[in-house]
1. Looking for whichever is more than 27 Å from residue 13 (Cα to Cα), touching a strand residue (DSSP E or B) at 6+ places or on another chain (Cβ under 7 Å) and aliphatic (A, V, I, L, M) here; the options are 103, 77, 115. Which one fits?
2. Of the residues that sit in region 74-99 and are part of a loop (DSSP other than H, G, I, E, B) and without any contact (Cβ under 8 Å) to a residue 40 or more places away in the chain, which one is farthest from residue 133 (Cα to Cα)?
3. Restricting region 12-27 to residues that are in a loop (DSSP other than H, G, I, E, B) and farther than 30 Å from residue 71 by Cβ, which is modelled with the lowest pLDDT?
4. Residue under question is residue 124, and the condition is that it be at pLDDT below 95 and among the aliphatic types (A, V, I, L, M); does it hold?
5. With respect to residue 141, is the statement that it is out of contact with any Ser or Thr (no Cβ under 8 Å at 6 or more places or on another chain), of a type in the set (D, E, K, R) and buried (at least 16 other Cβ atoms within 10 Å of the Cβ) true?
Amino acid sequence: MTTHEAVETVVPERYRTAVVPHVMVADAAAALSFYRQAFGATEEFRLAHPDGGIMHAEVRVGGAVLMLGDVSEGPFAAPPELGGTSVALHVFVPDVDALVKTAVAAGAELVREPADQFHGDRNAILRDPFGHLWVFLTHLEDMSGEELERRLAEA
């Protein structure tokens with residue numbers, strides 16, 4: 001099975017075209033290593049900054065692309081510098097429970113245990129060592145808007 005075929009079976013169609021997040025971290029090389037170990041990320045490429053560090057890199061986590069780099073001059077800051085983050089990175093994976101075990105063993109903080117949700121996905125929330133929040137999901141079922149609203153009212 002190709003990565004594209006796997007994405008089609010794991011990610012609901014409405015999420016297959018998405019905004020590509022670009023996160024900033026204090027140590028991009030360490031983040032790349034962590035994402036490989038914790039989330040099974042594959043590094044697509046990296047560009048070294050002329051003054052040292054990583055100017056830009058891209059990894060694939062599941063079917064999703066993540067851009068990242070070391071914090072430098074300009075408007076970008078890493079979550080610890082901001083006292084938190086207002087963004088969570090959502091990634092659909094085939095087995096959220098297995099990913100959570102691997103990620104926690106690699107040093108991710110478990111914010112919310114894996115659980116089935118009213119919206120038809122099983123999800124968990126993790127915080128990586130660089131302050132970014134990740135919501136990993138395994139899609140369980142499709143449903144109509146009416147069914148989604150009914151389940152929300154019951155939840």
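1. On the way: 103 fails: more than 27 Å from residue 13 (Cα to Cα); 115 fails: more than 27 Å from residue 13 (Cα to Cα).
Going through 103, 77, 115 in turn, just one is more than 27 Å from residue 13 (Cα to Cα), touching a strand residue (DSSP E or B) at 6+ places or on another chain (Cβ under 7 Å) and aliphatic (A, V, I, L, M): 77.
2. So, considering only residues that are part of a loop (DSSP other than H, G, I, E, B) and without any contact (Cβ under 8 Å) to a residue 40 or more places away in the chain, the one farthest from residue 133 (Cα to Cα) is 74.
3. Initial filter on region 12-27 (in a loop (DSSP other than H, G, I, E, B)): 12, 16-21, 26-27.
When the remaining residues are screened for being farther than 30 Å from residue 71 by Cβ, the result is 12, 16.
Details: 12: 75, 16: 72.
Result: 16.
4. So residue 124 does not fit the description; no.
5. Working: out of contact with any Ser or Thr (no Cβ under 8 Å at 6 or more places or on another chain): yes; of a type in the set (D, E, K, R): yes; buried (at least 16 other Cβ atoms within 10 Å of the Cβ): no.
The answer is no for residue 141.
The values are calculated or read from the model by the stated rules, or taken from the named source; none is laboratory data. Note that this is a predicted model, so its numbers are computed, not measured. Methodologically, a virtual Cβ is constructed for each residue, glycine included, from the backbone with ideal geometry; neighbour enumeration extends over all protein chains shown.
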